[in-house]
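A quick write-up on the structure given underneath.
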Amino acid sequence: MKPSLNQIDLYFITDRKLTKKTILDDVRAAIKAGVKVIQYRDKEAATKVMFEEAKKIKKECDNSNVLFLINDRIDICLAVNADGVHLGYEDIPYRAARRLLPNKIIGLTVHNLQEAIEAERLGADYIGISPIFETKTKLDAGPAAGLELIKQVKEKIKIPFVAIGGINQETLDNVLKAGAKSVAIISALITKNNVEEEAKRLIERIRRGV
């Protein structure tokens, strides 16, 4: 059985530009480390490339009971029967996405408390609070939201949330202290020579808390 969103600790997001190997290598390493969710994100690859790659990732995730989400692309999600999608506010609106994906996970990116409250009201399964710190991984991420937003969301929102954006080994403890239980770390993870070992260390730190 695949995990619930409340069980997610390290939220793994792929990045073709940053990986030292291949996206599939990173996914396999993350799964071996104990990651419970993989988000496939690619802003530049051709649709056919994404489709073929997503099929392979889906197989890896299914074999290990790991959730598989697609960033932005509802068509790819449907084509490979992924577990759901993650959408930004510039993507297809939530209600339209829900009509297309009535039984799948839909996560929404939010940048402030008002957007978080609205996402929960709409029916999002979880939210991604972004960016906590300045980040170069996603150029359109916007200004840093800061640790205070984590505290606000933890107090006001009941659905699961993921802290993302500029988080690394040095800032992780402060993110956990602010109340995050699920954290996405991208460049500080997949640029490492051994993604599996680094992911294991991060998972242990997140589960241990502060």
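The values are calculated or read from the model by the stated rules, or taken from the named source; none is laboratory data. This is a predicted model, so every value here is computed, not measured. So basically every Cβ, Gly included, is an ideal-geometry build from the backbone, and we count neighbours across all protein chains shown.
What to note about this one:
- Verdict on Ile159 being assigned to a loop (DSSP other than H, G, I, E, B), within 16 Å of the chain's Cα centre (by Cα) and over 21 Å from Pro3 (Cα atoms): no
- Which numbered condition Ile106 fails, given (1) crowded, with 22+ Cβ neighbours inside 10 Å; (2) farther than 27 Å from Ala30 by Cα; (3) hydrophobic (A, V, I, L, M, F, W, C): (2)
- Residue match in region 67-76 (condition: in contact with a strand residue (DSSP E or B) (Cβ under 8 Å, 6 or more places away or on another chain), farther than 20 Å from Pro131 by Cα and not hydrophobic (A, V, I, L, M, F, W, C)): yes
- Scanning region 166-180 for residues that are surrounded by 18 or more Cβ atoms within 10 Å (Cβ to Cβ) and modelled with pLDDT of 95 or more returns Ile167, Leu172, Val175, Leu176, Ala178, Ala180.
- Qualifying residues in region 172-210 (those that are of a type in the set (Val, Ile, Thr) and free of Cβ contacts under 8 Å to residues at least 60 places away in the same chain) - the one nearest to Asp15 (Cα to Cα): Val175
- Residue list for region 139-153, filter: modelled with pLDDT of 95 or more, in contact with a Gly (Cβ under 7 Å, 6 or more places away or on another chain) and under 22 Å from Phe12 (Cβ atoms): Ile150
- Within region 1-56, if we keep just the residues that are hydroxyl-bearing (Ser, Thr, Tyr) and in contact (Cβ under 8 Å) with a residue 12 or more places away in the chain, the residue that is surrounded by the fewest Cβ atoms within 10 Å (Cβ to Cβ) turns out to be Thr47.
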